[in-house]
Amino acid sequence: MMAPRPFIVSATQVTRNATSIGAASQSASAPAVRRGENDCGQAAAQSQEEVIRFEGAGVRVGGRTIWRAVTFSARAGEFIAILGPNGAGKSTLLKVALGLLPLSAGHVSAFGRPVRRGAAGISYLPQRRVFDSDTHIRGRDLVRLGLDGTRWGTPLPGLRALWGGARLAREERQRVQESLDLVGATAYADRPIGEISGGEQQRILIAQALVTRPRLLLLDEPLEGLDLPNQQAVSLLIQTICREAHVTALLVAHDVNPLLSYLDRVVYVAHQQVISGQPEEVITTEKLSRLYDAYIEVLRTSDGRLIVVGQPDEGISHHGHGQ
Amino acid sequence: MAMVSDQAAWHPLAALQVMFSYAFMRNALLAGTIVALVAGVIGYFMALRRESFAGHTLANIGFAGAAGAALVGVSPIVGLIAFGLLGAAGVGALGERSLRGRRRADIAIGAILTLALALGVLFERLSSAKAASVYAILFGSALGVSEADLREIALTAVITLLGVMLIARPLLFATLDPEVAAARGVPVRLLSYVYLALLALAVAQAIQVVGALLIFALLVAPAAAAQRLTARPGLGLALSVAIALLVTWLGLTVAYFTPYPVGFFITSFAFAAYLLARLAQIIARRILVHGTTDPGSAHGQPMAEMIREARS
């Protein structure tokens with residue numbers, strides 16, 4: 001049996017501070033949040049609306065079953081973490097939702113239609129991409145590509161005025177700015193992407209994912225390689241986006257602790273199956289130990305929050321690099 | 001020759017007028033302008049994609065193509081384009097990009113490069129062409145561009161530029177962010193081939209002016225210099241073209257007034273432009289660092305900063 005490894009996290013302190021910045025950032029980002037498609041007053045009805053549904057879904061890659069009989073769904077505005085051991089098929093879940101991998105069984109539908117590649121309304125943030133230090137493109141341009149990077153042809157500044165392209169360009173610049181404001185990346189948006197820090201790059205990439213005003217945000221390990229304050233800040237940012245813009249976020253993570261206080265639901269992928277539920281239901285010593293096939297201890301702090309201790313291959317190595 | 005340089009010393013404008021009165025110089029300047037325009041544009045993407053090795057390989061494949069064309073007895077541009085497109089397919093297939101967006105198979109591309117050189121030498125020997133023609137392919141013959149050559153260069157340039165304009169934004173997306181681009185439905189792999197084909201076309205044009213060995217100067221240096229100077233894609237493209245045009249015109253003009261080869265001047269000026277751009281970047285960064293130390297960075301990470309503040 002594996003000895004439980006403690007996390008080097010001062011959990012109470014982090015949460016207290018996280019709530020205080022929560023209020024500040026919400027008020028700051030409120031004007032930039034999407035309006036229109038989601039009329040207010042229907043918030044209750046909307047939260048029932050299913051954004052993505054897995055029904056008895058299974059995937060085989062190279063003759064190996066990754067997982068099967070997966071059934072779960074996510075509603076509008078939910079913030080869901082996808083967790084589980086390495087190689088369990090967490091990222092595969094996102095790739096299936098994107099229509100990049102075929103199913104071997106079952107159905108997966110987004111917004112009531114079967115998933116397909118390039119579907120509107122879905123944004124994807126792949127596993128951490130680090131830009132080389134000599135990538136001489138502004139963060140702002142990278143965000144802009146999220147809007148017009150799929151369009152063929154080049155609008156020439158002089159000619160596009162003839163067919164109203166100048167107005168479109170202005171609107172798009174404005175949307176890019178809104179998106180940058182929403183994630184708090186405006187201050188470094190005009191610097192080359194290769195020259196800003198990892199946390200700043202991640203924020204630019206989230207802005208890029210948000211610029212199309214998606215209803216479903218798929219994030220593959222967006223906290224990887226960030227220090228603890230940035231992990232907290234990015235988690236809070238995604239929670240804010242879910243709450244205020246009714247975006248559903250599926251976030252693949254290695255380590256649940258920095259996320260726990262922001263999540264609505266957790267989905268665990270292990271041993272070819274998936275269990276999901278409220279964090280309190282799923283994150284228990286018995287369930288996690290069975291899932292990981294190793295002793296995992298779930299502790300409860302004095303203010304009632306959960307801390308997961310002793311995930312195999314994780315934990316210490318993750319935080320050790322921290323600051 | 002001495003008389004020409006005397007004129008340059010005393011009446012620069014008159015000397016330039018004399019220069020423009022020669023048909024071969026007008027053709028050289030026109031061809032150089034077209035080639036610089038195309039190289040500046042396609043080179044910008046090449047630098048961003050870090051595919052200068054692929055560009056270099058395509059140039060050497062162009063050498064084999066031109067020598068092969070001489071062997072069969074067709075126009076060199078036909079051989080250049082045929083071999084170039086074939087080479088683009090080969091480099092594209094063997095040098096398949098990994099998901100992280102980097103070229104994995106540098107070695108495979110290197111193998112293609114050496115094969116192309118060997119084929120070029122073989123074709124040259126078989127065709128019993130004079131060594132001078134090989135020299136022209138390798139180092140360019142800007143001063144020997146005919147009216148017919150000019151038409152061919154102009155036609156391929158128009159095709160290349162239209163092609164780049166058509167794919168510019170998806171290509172930029174696929175270059176910087178291949179995974180997200182693929183998820184959004186951009187045909188990343190197809191674009192990679194189309195881009196290499198356009199690069200091969202650009203190389204086929206440029207070989208006739210700067211030659212297979214020096215092509216690099218026009219493809220790499222102006223684009224690399226432009227990227228040092230700005231991080232805006234539109235401005236970067238414009239700067240890249242401007243620098244390519246400037247070094248080409250300067251190179252041709254200086255070569256006209258001196259007994260030394262055109263290729264030498266164009267490449268040296270291109271290299272100088274790159275060095276200057278690096279220098280400008282270093283100076284700009286110094287000033288920037290001294291100018292904005294505290295307030296800017298505090299705004300940069302509002303949340304992380306607030307957490308840190310709240311903690312202390």
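None of the figures in this text is laboratory data; all of them are computed from the coordinates on show. This is a predicted model, so every value here is computed, not measured. A quick note on method: Cβ atoms are made from the backbone with ideal geometry, for glycine too, and the neighbour counts reach across all protein chains shown.
Some observations on this one:
- Fewest-first sequence of B:M46, B:M25 by Cβ atoms within 10 Å of each Cβ: B:M25, B:M46
- Other-chain or far-sequence residues with amide H under 5 Å of A:T135's (modelled H): A:G194
- Mean per-residue shielding of peptide A:183-190 is 4, counting Cβ atoms of other chains within 10 Å of each Cβ.
- Each residue in A:T284, B:T267 was given a count of other beta-carbon atoms within 10 angstrom of its own, and listing them fewest first yields A:T284, B:T267.
- Other-chain or far-sequence residues with amide H under 5 Å of A:V267's (modelled H): A:A81, A:I82, A:L83
- Burial ordering of B:Y260, B:Y274, fewest other beta-carbon atoms within 10 Å first: B:Y260, B:Y274
- Across q = 0.17, 0.18 Å⁻¹, the stretch B:2-219 modelled as identical point scatterers on its alpha-carbon atoms has Debye log10 I(q)/I(0) values of -1.10, -1.20, in the order of the q list.
- Counting, for every residue in A:191-204, the Cβ atoms of other protein chains within 10 Å of its Cβ and taking the mean gives 2.
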